[in-house]
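Coordinate-derived values only; no laboratory data. Computed from a prediction, not measured in an experiment: that's the story for all the values here. Here the Cβ is made from the backbone with ideal geometry for all residues, glycine too, and neighbour counts use every protein chain on show.
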Amino acid sequence: MRSKFGPPNHTSDPEWSRSGAGWLALLLEPPGSVNTPGTPEWEAEAARHGEFAAGAGDHIVGGAALHEPATATTVRVRDGEVLLTDGPFAESAEIATGFYLLSAADRDEAVKLASMIPASTVELRQLAGLSHL
């Protein structure tokens, strides 16, 4: 499938990658702790994220909440054939509920920011430096 925006321009910027600037913070929750959009619990959680955003300021490059795993579609390509699986592929101890893209000078600063995020678990991963997608 082609993108309506034309072919991707995948490039790697080694200097950006070495700077430690980009981090993915994947927010994980136990299945029983996931809040449903529109509920008072969801609104309270959104307020806590607003407080995090106010404290983190320009360190937040982007982010979003994710719909529940039942809305997921897993896409696999095997021997040129596209295979789709609706819903969560496997049971898991934790569910991804959202993510932030963070800008931090180094791992220590990224960990400090991640520790402020209102989530049970935050998986913090440094971005490899892909840009111009």
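The phi torsions of segment 111-122, fed into the Karplus equation with coefficients 6.51, -1.76 and 1.60 and a -60° offset, translate into couplings of 5, 4, 5, 4, 5, 8, 6, x, 8, 4, 9, 10 Hz, rounded to whole numbers, with Gly and Pro shown as x.
Most tightly packed first, judged by the mean number of other beta-carbon atoms within 10 Å of their residues, the peptides 73-82, 94-103, 48-57 read 94-103, 48-57, 73-82. FRET efficiency for the pair Leu66 and Ala93, taken as 1/(1 + (r/R0)^6) with r the Cβ-Cβ distance and R0 = 25 Å, rounds to 0.90.
For segment 44-131, the equivalent ellipsoid derived from the Cα gyration tensor has semi-axes of 29, 18, 11 Å, listed largest first.
Computed from the C-beta positions of Arg76 and Ala128 and an R0 of 22 Å, the FRET efficiency is 0.50 to the nearest 0.05. Note on Asp58 and Ser120: the model spin-label points, each 7 Å out from Cα along the C-beta direction, lie 3.6 nm apart.
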